Amino acid sequence: MKLPERYCYPAVFTYEDGYQIAVEFPDLDVATCGEDDEEALFSARELLGLVMFGREEDGEDIPEPSDLLDVKLAPNERAMLVDVYMPSIRMSEVNRSVKRTVTLPAWLNAKAMENDINFSQVLQQALKQQLHLS
């Protein structure tokens with residue numbers, strides 16, 4: 001099954017004096033926040049991408065987005081459509097770094113540090129060579 005390039009869901013932005021702007025995705029039952037409109041929108045897009053990527057990876061159902069006009073709002077709330085471009089999200093998750101702990105003899109560690117060796121780079125190169133990857 002071909003995955004969609006873009007998801008677009010309604011989000012409810014809630015404004016209360018003295019608080020960050022809360023952003024909720026009613027169809028997905030997830031929420032985030034931001035200090036101002038720009039940060040709240042950025043955070044909402046990031047959350048939407050991570051949630052949808054997780055659902056794709058776990059084989060979970062992807063709910064149909066509600067119609068924006070059907071979203072019920074309080075007087076201090078505004079609804080807007082938030083979209084996310086998934087190819088970039090998928091690539092960033094595939095290429096994300098993970099931290100690994102390795103054990104070296106002390107003398108080898110000291111010698112490598114004397115020569116300003118980048119341990120992560122050397123390990124990556126060695127693993128690629130060992131796995132016959134380019």
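The values are calculated or read from the model by the stated rules, or taken from the named source; none is laboratory data. The model shown is predicted, which means the values in this text are computed figures rather than measured ones. Glycine also receives a Cβ, built like all others from the backbone with ideal geometry; neighbour counts cover every protein chain displayed. Quick note on the areas: whole protein, heavy atoms, side chains included, nothing else; ligands and nucleic acids left out. Shrake-Rupley method; radii C 1.70, N 1.55, O 1.52, S 1.80 Å.
Side notes on the structure shown:
- Rounded to the nearest 20, the Cβ-based charge dipole of the stretch 56-106 about its Cα centre (Lys and Arg +1, Asp and Glu -1) stands at 580 debye.
- Spatial separation of Cα centroids for the stretch 1-39 and the stretch 80-123, in angstrom: 30 Å
- Farthest positive-ward along the chain dipole, Cα basis, beta-carbon charges - from 97, 50, 18: 97
- Percent accessible area from carbon and sulfur atoms, the stretch 35-90, protein chains only, probe 1.4 Å: 51 percent
- Histogram of C-alpha separations across the stretch 57-114, 10 Å bin width, %: 13, 23, 20, 17, 11, 10, 6
- Extended-chain gain in nm, criterion 0.36 nm per residue less alpha-carbon gap, residue 38 and residue 119: 25.3 nm
- Between residue 58 and residue 106, the contour length at 0.36 nm per residue exceeds the alpha carbon distance by 13.1 nm.
- Within the chain: Cβ-based charge dipole about Cα centre, in debye rounded to nearest 20 (Lys, Arg +1; Asp, Glu -1): 1160 debye
- Rg to Rh quotient for the stretch 36-77, alpha carbon positions, Kirkwood Rh: 1.07
- For the chain, the fraction of alpha-carbon pairs lying more than 17 Å apart is 69 percent, rounded to a whole number.
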